[in-house]
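Notes to accompany the following structure.
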């Protein structure tokens, strides 16, 4: 009986070691498959700036029908810029990380919108049409054109910022 127990313990030990090595390999593969960008916050802020500009155009177009065309840049309207920037930011990013970036950018956009509305509407969330029109023609147009100018005037720097933020953390 002692011989049988000794043999069983050796097999059991070998199986446990094999399982441990196998699970370690699986965990290592999973970790490399879900590598994180080194700066999720930077990617989130870049995407949020495009979301904000697109939302400004959407809101301002409700009061000024030609606003989207007034603020269009070489690539098109704010929505065209948003799609271009979204693609640049999210390409090559793992799905779960991309989701975190999108949700973070949406949160920043919502908070920015509320903050802006409170600056020109003391009775927020009630926003007078005249106050909205005035804001759109001044600050709103600046927000949209600034995003487009930053993207268009130094496109290589823009891509470099995204590439730097995508570098895996070591």
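The values are calculated or read from the model by the stated rules, or taken from the named source; none is laboratory data. Just so you know, these numbers come straight off a predicted model, no measurement behind them. Cβ: placed from backbone, ideal geometry, glycine included. Neighbour counts: every protein chain shown.
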Count of residues meeting criterion [free of Cβ contacts under 8 Å to residues at least 12 places away in the same chain and in contact with a helix residue (DSSP H, G or I) (Cβ under 9 Å, 6 or more places away or on another chain)] in region 93-106 | 2
Which ones in region 70-92 are outside any helix (DSSP H, G or I), within 14 Å of residue 58 (Cβ to Cβ) and touching a residue at least 24 places away in the same chain (Cβ under 8 Å)?
-> 71
Answer yes or no: is there a residue in region 87-105 that is surrounded by 18 or more Cβ atoms within 10 Å (Cβ to Cβ) and within 16 Å of residue 148 (Cα to Cα).
-> yes
Starting from residues that are surrounded by 17 or more Cβ atoms within 10 Å (Cβ to Cβ) and in contact with a helix residue (DSSP H, G or I) (Cβ under 6 Å, 6 or more places away or on another chain), keep the ones in region 109-121 and report whichever is farthest from residue 47 (Cα to Cα).
-> 120
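Tell me, which residue of region 124-133 that is part of a loop (DSSP other than H, G, I, E, B) and either at pLDDT below 85 or under 28 Å from the mean Cα position of the chain (by Cα) (or both) is surrounded by the most Cβ atoms within 10 Å (Cβ to Cβ)?
Filtering region 124-133 for residues that are part of a loop (DSSP other than H, G, I, E, B) and either at pLDDT below 85 or under 28 Å from the mean Cα position of the chain (by Cα) (or both), the one surrounded by the most Cβ atoms within 10 Å (Cβ to Cβ) comes out as 124.
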